[in-house]
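Since the structure comes first, as structure tokens, the remarks are kept for the end.
The values are calculated or read from the model by the stated rules, or taken from the named source; none is laboratory data. Since the structure is predicted, the reported quantities are computational estimates derived from the model, not experimental observations. For neighbour counting, all protein chains shown are included, and Cβ atoms are generated from backbone atoms with ideal geometry for every residue, glycine included. To get the accessible areas, we keep the full protein, side chains included, count just its heavy atoms, and leave off ligands, DNA and RNA. Shrake-Rupley method; radii C 1.70, N 1.55, O 1.52, S 1.80 Å.
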Amino acid sequence: KLSTLTLLTISSQCAAFSPTPQKSTPALSTKLHMSNPTESVFLSAESSKKCIDIAGGTPLYAYSMDKLNENADACLAFPNAYGLTVRYAMKACPNGSILKLFNKKGIHIDASSGYEVRRAMSNGIPAENISLSTQELPSDFAELMDMGVKVNACSISQLERIGKHYSGTGQRVGVRVNPGVGSGGFSASTTGFSKTNVGGPSSSFGIWHELVEGGVVSEIVEKYGLHVERIHTHIGSGSDPKIWQQVATKSLSFCKIFSTVEALNLGGGYKVGRNEGEPTTDLQEIGGPVADAFRTFAEENDGRELKLEIEPGTYLVAMAGALVSSVQDKVVTTGEGGHVFLKMDAGMTDVLRPSLYGAIHPITILPGSGNTADVGEETESVVVVGHCCESGDLMTPEEGEPEALGEREMRKAAIGDIIVMDGSGAYCAGMSTKNYNSFPEAPEVLVDDKGDVHLIRSRQPYEQIWSNECTPDILN
């Protein structure tokens, strides 16, 4: 079996696709142990039951249209000096209905692979509204660019490949720069390794800033006659306001190198407080000084008015989504180190973050009857685990200790009760270990502003899990 430690090691290669882990304070520990709430962030016992009925059982992911719209409006109001493009980091939750909702709001797309580009276009997103920044430049990059997709070269070799293909054509391209610092959730360091820090010398993401400042990038651009229209930086998911503003100023210096640059994309997530007591980034607070920096840049560079692009993912969807599951078993061990275990009919197959990062998610136990009146007053201290035959399938790790079991004081649960895990809108459905132990992919539902529930992805038929397998003749 894969241990939690093994998962942590494997996952280090996926830093750019990682949301910020939540580390709790002593004050938060008290908050987490609240007794018997009658609803989660946006679901009651009644609305949870409605979601379960529409999905045909648990587990499922539920999303709140109200919260998606609210978060979108907050991002669209981000302070800017000369124009703003909000790009949804679709890796956070790539369901087509959510892409379409944001598209209607005027939000564009940040894609992290050629496959995400194709997925977005198949859901009606115009190619010209998609920006691609990727660790692996797809083999069909030219076809995508010819359609209008905006590609950011994320390494010297990517820039060379693009340049060779479009030599002498004046092809427009973006350049992603590693500014030398970053912000992430596992470390206070701005230069050391952290799984959610994608800036600094310990990160492979983007072209190292010295190659930009030293003229290497400019030489390639000149050699192939490329037109650099956009500078892109990305510092990770921590969203420390001071670091974010520092990188904004640094990024503007890269724009000065290329007179053709029209937009600066300040990628990076904004920290969202999933649990009570955890702060959520104030977009107005961090955006104001950035807008001022753009104005200063214009004053000092002959009136060059650069447009701003931002790429929220977690901020848009994290608290707008929840995993809804059931208590399918309850196990008690006694003696020193004994626990009461609640076993969900979901787990790391649906929400990987606790196993991957030791992330803390708020959990609410609701009556399986779907009746709030049945919540009751009785509580107990429990450890919540998933359904996988895997010791690392732990939903309540100890705060700050991913390898340790963490107990939560919650409503006393019975088999058949509902478990709602909030904060599951980002990097859960899109980053699940679906099909481990051959569990099928869970369905997704959307709760609209009237409280009606709509199926936006069906539960995967189990036959589909192995439908692509082939048997060689030698085994027949």
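Key figures
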item	result
Qualifying residue in segment 43-55 (condition: touching a residue at least 24 places away in the same chain (Cβ under 8 Å), in contact with a strand residue (DSSP E or B) (Cβ under 8 Å, 6 or more places away or on another chain), of a type in the set (Val, Ile, Thr) and outside any helix (DSSP H, G or I))	no
Single residue of segment 152-174 satisfying the filter (closer than 20 Å to residue 203 by Cβ, without any contact (Cβ under 8 Å) to a residue 60 or more places away in the chain and not in a loop (DSSP other than H, G, I, E, B)) that is most open to solvent (accessible area, probe 1.4 Å)	157
Residue that is nearest to residue 346 (Cα to Cα) [pool: residues in segment 421-443 that are open to solvent by less than 10 Å² (accessible area, probe 1.4 Å) and out of contact with any helix residue (DSSP H, G or I) (no Cβ under 6 Å at 6 or more places or on another chain)]	442
Tally of residues being in contact with a Leu (Cβ under 6 Å, 6 or more places away or on another chain), acidic (Asp, Glu) and closer than 22 Å to residue 38 by Cβ across segment 340-397	0
Close pairs from segment 290-315: first within 18 Å of residue 259 (Cβ to Cβ) and touching a residue at least 60 places away in the same chain (Cβ under 8 Å), partner of a type outside the set (A, V, I, L, M, F, W, C) and part of a strand (DSSP E or B), Cβ under 7 Å, at least 6 apart	307/85
Pair list, Cβ under 7 Å, 6 or more apart: segment 115-135 residue at positive phi, other residue surrounded by fewer than 16 Cβ atoms within 10 Å (Cβ to Cβ)	124/100
Which listed residue, of 318, 291, 298, is of a type in the set (A, V, I, L, M, F, W, C) and within 30 Å of residue 386 (Cβ to Cβ)	318
Looking only at segment 267-286, and only at residues there that are small (Gly, Ala, Ser) and touching a helix residue (DSSP H, G or I) at 6+ places or on another chain (Cβ under 9 Å), the one that is nearest to residue 41 (Cα to Cα)	273
Residue list for segment 367-398, filter: open to solvent by 50 Å² or more (accessible area, probe 1.4 Å) and under 23 Å from the mean Cα position of the chain (by Cα)	398
Residues located in segment 122-138, provided they are closer than 13 Å to residue 150 by Cα and in a helix (DSSP H, G or I)	127, 128, 129
Among residues of segment 58-78, those that are touching a Pro at 6+ places or on another chain (Cβ under 9 Å) and farther than 24 Å from residue 132 by Cα, counted	3
Within segment 127-143, considering residues that are surrounded by 15 or more Cβ atoms within 10 Å (Cβ to Cβ) and among the hydroxyl-bearing types (Ser, Thr, Tyr), the one farthest from residue 88 (Cα to Cα)	134
Subset of segment 403-422 (residues that are closer than 12 Å to residue 368 by Cβ and not β-branched (Val, Ile, Thr))	411, 413, 414, 416, 417
Residue that is nearest to residue 44 (Cα to Cα) [pool: residues in segment 448-461 that are of a type outside the set (D, E, K, R) and surrounded by 15 or more Cβ atoms within 10 Å (Cβ to Cβ)]	453
Residue count, segment 75-100 (criterion: open to solvent by 30 Å² or more (accessible area, probe 1.4 Å) and part of a helix (DSSP H, G or I))	3
Verdict on residue 464 being of a type in the set (S, T, N, Q) and open to solvent by less than 50 Å² (accessible area, probe 1.4 Å)	no
Where residue 179 falls short, out of the listed (1) in contact with a helix residue (DSSP H, G or I) (Cβ under 6 Å, 6 or more places away or on another chain); (2) modelled with pLDDT of 95 or more; (3) surrounded by 15 or more Cβ atoms within 10 Å (Cβ to Cβ)	(2)
Every residue from segment 453-476 that is in a helix (DSSP H, G or I), closer than 14 Å to residue 441 by Cβ and more than 28 Å from the chain's Cα centre (by Cα)	463
Every pair of residues 6+ apart whose Cβ atoms lie under 9 Å, when the first sits in segment 365-378 and is of a type in the set (Val, Ile, Thr) while the second is open to solvent by 30 Å² or more (accessible area, probe 1.4 Å)	365/37; 365/412; 372/38; 372/39; 372/46; 375/37; 375/38
Matching residues in segment 253-300 - criterion: being more than 21 Å from residue 212 (Cβ to Cβ), in a loop (DSSP other than H, G, I, E, B), open to solvent by less than 30 Å² (accessible area, probe 1.4 Å) and β-branched (Val, Ile, Thr)	272, 281
